[in-house]
Amino acid sequence: MEKNLRIKFLEKGKKLRKDFIKILLEGFKFHVGGTLSCLDICVVLFYGNFINLEKKNRNFFILSKGHALACLFLTLMDKKLYNLKFLKKNYKNLNFGGQLDIYNSKYVDWNTGSLGHSIGVATGLAIKNPKKKIFVIVGDAEFEEGSIWEAIFYISEKKIKNILIIIDRNRMSASTIIENKEIFDKKIINQLNFNLVKINGHNYEKIYKSVEKFKKKTKSTIIIANTIKGKGFKIFENSKKYSHEMPKKEILKNLIY
């Protein structure tokens with residue numbers, strides 16, 4: 001990976017984390033832990049020329065873990081495609097939901113909907129658009145849904161080759177620790193027709209190289225990205241409390257001022 005690109009990712013990661021704290025101070029009730037665990041993945045996808053939100057004829061992006069929708073909105077504001085005034089207005093008028101559950105934006109390829117449907121939707125998009133790449137970010141707790149496995153088996157059986165599934169492996173659901181999860185064992189997934197990669201989900205170079213390799217592969221890929229819930233701010237890291245609870249304003253102010 002080029003040095004300039006590495007610097008760009010580092011700068012964007014720092015900026016978006018700071019912007020995240022700022023919009024929380026504006027009163028938005030985004031999920032802290034789940035947003036920060038996959039933010040670095042989103043930085044690479046959106047600023048590494050894999051998903052160009054500004055273009056009409058672009059690759060598809062599905063954020064299955066819809067409670068991390070702040071990653072998408074932060075990017076849209078950073079790219080000047082949205083602004084804070086627009087975001088506030090649309091939340092007030094209920095045009096945007098708190099879980100990416102409302103399909104009302106040209107930048108949202110699919111609303112999160114019911115848990116576990118994202119990979120099935122990605123499969124449909126992949127079949128209809130064989131020349132495009134379909135990127136999906138899924139939470140590790142969500143992999144307990146049977147519908148996800150049905151879709152994965154279908155992708156494997158039909159040899160669908162243009163889907164990249166990135167599992168945000170932060171080892172925490174909303175309320176429980178999910179440290180041991182046998183379904184992520186290579187012995188299980190390696191029996192399927194996927195490329196399987198395990199990486200540090202906060203290492204920009206490893207994320208970038210893994211996604212870049214997917215572009216050249218002849219079958220779909222699963223990336224298990226080991227992450228830290230709340231990454232970037234010690235007070236939030238691996239904290240059950242801040243899965244749903246909003247930090248007090250005093251805490252937020254101390255993080256950026």
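Listed values, structure above:
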{"quantity": "Subset of region 111-159 (residues that are buried (at least 20 other Cβ atoms within 10 Å of the Cβ), assigned to a loop (DSSP other than H, G, I, E, B) and of a type outside the set (S, T, N, Q))", "calculated": "LYS133, ASP140"}
{"quantity": "Qualifying residue in region 78-86 (condition: of a type in the set (S, T, N, Q) and free of Cβ contacts under 8 Å to residues at least 60 places away in the same chain)", "calculated": "yes"}
{"quantity": "Segments classed as helices (runs of 4 or more DSSP H), wholly inside region 194-257, with at least 3 members that are touching a helix residue (DSSP H, G or I) at 6+ places or on another chain (Cβ under 7 Å), under 24 Å from ASN59 (Cα atoms) and modelled with pLDDT of 95 or more", "calculated": "204-216"}
{"quantity": "Criterion violated by LEU74 - all others in (1) touching an Asp or Glu at 6+ places or on another chain (Cβ under 6 Å); (2) more than 17 Å from PHE20 (Cα to Cα) satisfied", "calculated": "(2)"}
{"quantity": "Looking only at region 98-110, and only at residues there that are closer than 27 Å to LYS14 by Cα and free of Cβ contacts under 8 Å to residues at least 24 places away in the same chain, the one that is surrounded by the fewest Cβ atoms within 10 Å (Cβ to Cβ)", "calculated": "LYS106"}
{"quantity": "Selected residue [surrounded by fewer than 18 Cβ atoms within 10 Å (Cβ to Cβ), under 30 Å from SER239 (Cβ atoms) and either acidic (Asp, Glu) or touching a His at 6+ places or on another chain (Cβ under 7 Å) (or both)] from GLU26, GLU2", "calculated": "GLU26"}
{"quantity": "Selection count where residues are at pLDDT 85 or above, closer than 15 Å to ILE137 by Cα and in a loop (DSSP other than H, G, I, E, B), scope region 68-110", "calculated": "4"}
{"quantity": "Verdict on LEU63 being touching a Pro at 6+ places or on another chain (Cβ under 9 Å) and touching a residue at least 12 places away in the same chain (Cβ under 8 Å)", "calculated": "no"}
{"quantity": "Residue within region 210-233 that is touching a Gly at 6+ places or on another chain (Cβ under 6 Å) and over 18 Å from LEU16 (Cα atoms) present", "calculated": "yes"}
{"quantity": "So LYS14, is it free of Cβ contacts under 8 Å to residues at least 12 places away in the same chain and closer than 21 Å to LEU81 by Cα", "calculated": "yes"}
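The values are calculated or read from the model by the stated rules, or taken from the named source; none is laboratory data. From a predicted model like this one, the values you see are computed outputs, not experimental measurements. Neighbour counts are summed over all protein chains in view; Cβ atoms, including those assigned to glycine, are modelled from backbone coordinates with ideal geometry.
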